[in-house]
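Written below as structure tokens is the structure these notes are about.
The values are calculated or read from the model by the stated rules, or taken from the named source; none is laboratory data. Because the structure is a prediction, the values reported are computed rather than measured. Backbone-built Cβ (ideal geometry, glycine too); neighbour counts: all protein chains shown. Remember, those area values only see protein heavy atoms, side chains included, never the ligands or the DNA or RNA. Shrake-Rupley method; radii C 1.70, N 1.55, O 1.52, S 1.80 Å.
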Amino acid sequence: MGIEMFSLEGKVALITGASYGIGYGIAKAMASVGAKIVFCDIKQEFVDKGLASYEADGIDAHGYVCDVTNEAAVQEMVKKIEAEVGVVDILVNNAGIIKRIPMCDMTAEEFRQVIDVDLNAPFIVSKAVIPSMIEKGGGKIINICSMMSELGRETVSAYAAAKGGLKMLTRNICSEYGDKNIQCNGIGPGYIATPQTAPLREKQPDGSRHPFDQFICGRTPAGRWLNPDELGGPAVFLASKASDAVNGHILYVDGGILAYIGKQP
Ligand code: NAP
Ligand code: GCO
């Protein structure tokens, strides 16, 4: 077997929340090895922006408006995709939100919102595509986890609970559907420069670097933030035949953060 073991030629890949950011970087990489790209976003405005970006990059993507927390809307979207593009061979549960609020100041409603998008939605979307994957003889599911699947941090209790839960949902899908030739793995990105993390990189009023920016670069052996394109290779691997024996694994793409104690003073 040669390089074709990484080919996604003829495969339909659904990437949620992929108008920009990490999802977009993953979609671009998958398209470059032959996948047909389907994405969704919660607002028409972002789907339109996403479609324009894909077109500018020479990618013929299909975009749908869908709130991934709404089970009826997700079921309807998956039916449409099957009719208009084909059965989803690869699902990337990427859409996600974060609320950085100290736990005792966070309302139960805010906690639920994060769990809803970051944990319930991957359950809902996976559940919608698995039956057709089984009928077709297999499929790949990639859940976008986080450093917070392993580590805690002040202010991100809901996010850490959701991403820790997503790690276990990944292992459970692997356990439950491995015998149907479905591989479900996670990618745990480190700190990636996207709109979600923009507040952590904002320059201070005096022009100096945000303290969190300095902290995270000191915790990353490479000494820098990663970019969405750097998740492309690992995602292609987990979507391709090359990873058919990899199941229930979380691949941390963190520039080494989890291996490092941090820069010594
Ligand atoms: P982002 O820039 O905020 O993009 C997230 C996307 O998800 C946006 O397009 C957003 O749409 C969409 N979305 C949110 N709620 C949705 C819903 N209910 N239905 C459909 N789409 C929805 O985030 P990102 O940084 O690329 O992160 C992508 C994933 O990676 C998330 O799961 C995040 O937790 C995870 N992650 C990020 C980092 C990082 O450092 N950036 C690190 C580890 C893990 P709108 O813009 O319309 O709201
Ligand atoms: C935060 C960050 C993180 C990262 C990422 C780490 O506030 O700590 O936003 O949650 O985005 O998920 O892997």
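Taking 7 Å steps out from each Cα toward its Cβ at Glu4 and Lys43 produces label points 4.5 nm apart. Convex hull volume per residue, computed on the Cα atoms of region 137-230, equals 119 Å³.
Shown in residue order for region 73-80 are the 3J(HN,Hα) couplings computed by the Karplus curve 6.51 cos²θ - 1.76 cosθ + 1.60 at θ = phi - 60°: 5, 5, 4, 5, 4, 5, 4, 4 Hz (x for Gly and Pro).
Distance from the C-alpha centroid of region 1-20 to that of region 173-224: 22 Å, rounded to the whole angstrom. Dividing the radius of gyration of the alpha carbons in region 88-185 by their Kirkwood radius gives 1.05 for Rg/Rh.
Measuring how big region 151-192 is from its alpha-carbon positions, Rg and Dmax come out at 12.8, 40 Å.
Mind pulling up the Rg/Rh value for region 86-133? Radius of gyration and Kirkwood radius, both on Cα. It would help to have the intermediate numbers written out before the result.
Values: Rg = 14.2 Å, Rh = 12.3 Å.
Taking Rh as the inverse mean 1/r over Cα pairs, Rg/Rh reads 1.15.
Distance between the C-alpha centres of region 105-136 and region 144-159: 17 Å, rounded to the whole angstrom.
Couplings 3J(HN,Hα) for region 140-156, derived from phi with the Karplus relation 6.51 cos²θ - 1.76 cosθ + 1.60 (θ = phi - 60°), are 10, 10, 10, 9, 7, 8, 5, 4, 6, 6, 10, 10, x, 7, 3, 6, 10 Hz, where x marks Gly and Pro. Expressed as a whole percent, the accessible surface of the chain that belongs to carbon and sulfur atoms is 54, based on a 1.4 Å probe.
A full extension of the chain between Glu110 and Ala259 corresponds to an added length of 50.4 nm, given 0.36 nm per residue minus the alpha carbon distance.
Database remark: amide H of Asp57 closer than 5 angstrom to no amide H (H placed geometrically; neighbours at sequence offset of 5 or more, or on other chains; Pro and chain starts carry no H).
Using helices alone, I'd like the mean residue ellipticity at 222 nm for the chain: each DSSP H run of four-plus residues gives -39500 (n - 2.57), total over residue count, nearest 500.
Result for the chain, helices only: -12000 deg cm²/dmol.
Scanning residues 5 or more positions from Ile250 or on other chains, those with amide H under 5 Å from its amide H are Gly186, with H placed 1.01 Å from N in the peptide plane.
All Cα-Cα separations within the chain were binned at 10 Å from zero, giving a P(r) of 7, 30, 37, 20, 5, 1, each value a whole percent of the pairs. Taking a ≥ b ≥ c as the square roots of the eigenvalues of the alpha-carbon gyration tensor, region 172-216 is classed prolate because a/c is 1.5 or more and a/b outweighs b/c. Amide hydrogen proximity for Ile15: with H placed 1.01 Å from N in the peptide plane, the residues at 5 or more positions away or on another chain lying under 5 Å are Val38, Phe39, Cys40, Val92.
Once the 1.4 Å probe is applied to the protein heavy atoms, region 1-150 comes out at 45 Å² accessible per residue. A simple spin-label model places the labels of Phe212 and Gln75 3.8 nm from each other, with each point 7 Å out along Cα-to-Cβ.
I need the trypsin sites (Lys or Arg not before Pro) found in region 18-59, filtered to DSSP loop residues with at most 16 other beta carbons within 10 Å of theirs. Here the trypsin sites (Lys or Arg not before Pro) that fit, given the DSSP loop and packing criteria, are Lys43. Expressed in units of 2.2 N^0.38 Å, where N is the residue count, the Cα radius of gyration of region 212-258 is 1.40.
Straight-line cross-link reach from Lys79 at under 19 Å between alpha-carbon atoms covers these lysines, not counting any fewer than eight positions away in the same chain: Lys11, Lys36, Lys127, Lys136, Lys140. Computed over region 1-90, the percent of Cα pairs more than 14 Å apart is 62. Computed over the Cα atoms of region 1-152, pair by distinct pair, the Kirkwood hydrodynamic radius stands at 16.1 angstrom. Scattering from region 175-265 was approximated by placing one identical point on each alpha carbon and applying the Debye formula without solvent; log10 I(q)/I(0) at 0.20, 0.22 1/Å stands at -0.96, -1.06.
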